[in-house]
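A quick write-up on the structure given underneath.
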Amino acid sequence: MSRYITIAAAQLGPIEKDHSRESVVERLIAMLHQAVSSNCKLVVFPELALTTFFPRWYTEDLAGHDHYYETSMPSPATQPLFDEAKRLGIGFALGYAELTEPGADGLQHRFNTTVLVERDGTIVGKYRKVHIPGHEDDEPWRPFQHLERRYFEESNEGFGVHRAFDGIVGMATCNDRRWPETYREMGLQGVELILIGYNTPIHYAPDPGQNALQGFHNQLCMQAGAYQNGTWVVGVAKGGVEAGVESLAQSCIIAPSGQIVAQATTTGDEVITARCDLDKCKDFKETLFNFDRYRRPEVYQRITSQKGVIEPPENPSN
Ligand code: CDT
């Protein structure tokens, strides 16, 4: 049996500080049209797709940066995207900065969020980023900052999946893609399609030796996650040089075999597509990665009971 869905990864080039949300939404809608002309039913946009990557700037006063966040979704600026997608009968995933209503604690919360919208315009669900990289405080020695840990809380909601687009769909965001737990949590819920937006600066200040490996690591982790869980993975970048900082592009669509079936060739706005058979997941889920048959959770206890590394004691003879 086959269950085909044609999917677009809509890579964005840079968004500068002075670019309005409205101008960005125009770019998103242009890519939506391209996706429709390729018969796509789902288009995946990157992480924080509405603004420049603002965590690169330090601020004492977080509230002074609240204009980078959406307080509703759809928000006034994104309503035209929602309307056009519904009119065209295409779904989408969109990353944005979310500022919540005050919760039971009376506080507003800031999350790095992705919303998934079905072809009929209904909101399927939201995903709030779990693994928040970078640092909390000003680190002026860096050529640019990566202050996601100042601007966003870690979500405790985990990695849910949704029955949508005639399959089982999950989401993750940027740094999440480097962690095998991300994929396995969704793999254990039968995920068939994982949507991942990212902003990955090429320069990694704590260890610049990794700069030249950014493209390799991007593919390594997403291809492994796809294969080891028998799932499609769509990785979508905001790439190019934004505010003088170069970010990885290399958006790609990966099959459950781990093979890349489509990849961006530019660092700007670019739509890549693939016709994905969700039933291909079974080839892996029912054979080598038949979890029910072969997994051994009873010997994986450290994975959930322990956070950091605990090395064995030194040999007394040393
Ligand atoms: N946006 C995001 O999560 N970027 C990180 C950069 C890590 S370096 C601080 C990433 O993992 O690509």
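A few notes on this one:
- The residues of the range 249-265 that are assigned to a strand (DSSP E or B) and open to solvent by less than 10 Å² (accessible area, probe 1.4 Å), listed by number, are Cys252, Ile253, Ile254.
- Number of the exception - Asp61 against (1) touching a residue at least 12 places away in the same chain (Cβ under 8 Å); (2) away from the ligand (no atom under 16 Å from the Cβ): (1)
- In this structure, Gly268 does satisfy being small (Gly, Ala, Ser), in contact (Cβ under 8 Å) with a residue 24 or more places away in the chain, outside any helix (DSSP H, G or I) and in contact with a Leu (Cβ under 9 Å, 6 or more places away or on another chain).
- Applying the criterion of being assigned to a helix (DSSP H, G or I) and within 20 Å of the chain's Cα centre (by Cα) to the residues of the range 54-84, the residue that is surrounded by the most Cβ atoms within 10 Å (Cβ to Cβ) is Pro55.
- Figure legend. Inter-residue proximity from the range 136-147: first residues without any contact (Cβ under 8 Å) to a residue 60 or more places away in the chain and under 11 Å from Phe54 (Cα atoms), second residues surrounded by 14 or more Cβ atoms within 10 Å (Cβ to Cβ) and not hydrophobic (A, V, I, L, M, F, W, C), beta-carbon distance below 7 Å, spacing 6+ or different chains. No pairs are indicated.
Yes/no matrix, rows are residues, columns are (1) closer than 20 Å to Asp277 by Cα; (2) among the hydrophobic types (A, V, I, L, M, F, W, C); (3) more than 17 Å from the chain's Cα centre (by Cα):
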site: Tyr198; (1), (2), (3): no, no, no
site: Asn211; (1), (2), (3): no, no, yes
site: Leu220; (1), (2), (3): no, yes, no
site: Thr231; (1), (2), (3): yes, no, no
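- Residues in the range 241-250 that are more than 12 Å from the ligand (Cβ to nearest atom) and more than 17 Å from the chain's Cα centre (by Cα): Val241, Glu242, Ala243, Gly244, Glu246.
- Residues of the range 1-29 satisfying the condition of being in contact (Cβ under 8 Å) with a residue 60 or more places away in the chain, open to solvent by 50 Å² or more (accessible area, probe 1.4 Å) and within 22 Å of Ser247 (Cβ to Cβ): Glu16, Lys17, Arg27
- Residue check for Lys238: modelled with pLDDT of 95 or more, of a type in the set (D, E, K, R) and within 16 Å of the ligand (Cβ to nearest atom): yes
- The criterion of at least 3 residues that are closer than 30 Å to Ile253 by Cα and not small (Gly, Ala, Ser) is met by the following helices (runs of 4 or more DSSP H) wholly inside the range 275-318: 281-285, 291-294.
The values are calculated or read from the model by the stated rules, or taken from the named source; none is laboratory data. Everything numeric here is computed off the predicted structure, so don't read it as measured data. Methodologically, a virtual Cβ is constructed for each residue, glycine included, from the backbone with ideal geometry; neighbour enumeration extends over all protein chains shown. The accessibility values were calculated without ligands, DNA or RNA, using every heavy atom of the protein model including side chains. Shrake-Rupley method; radii C 1.70, N 1.55, O 1.52, S 1.80 Å.
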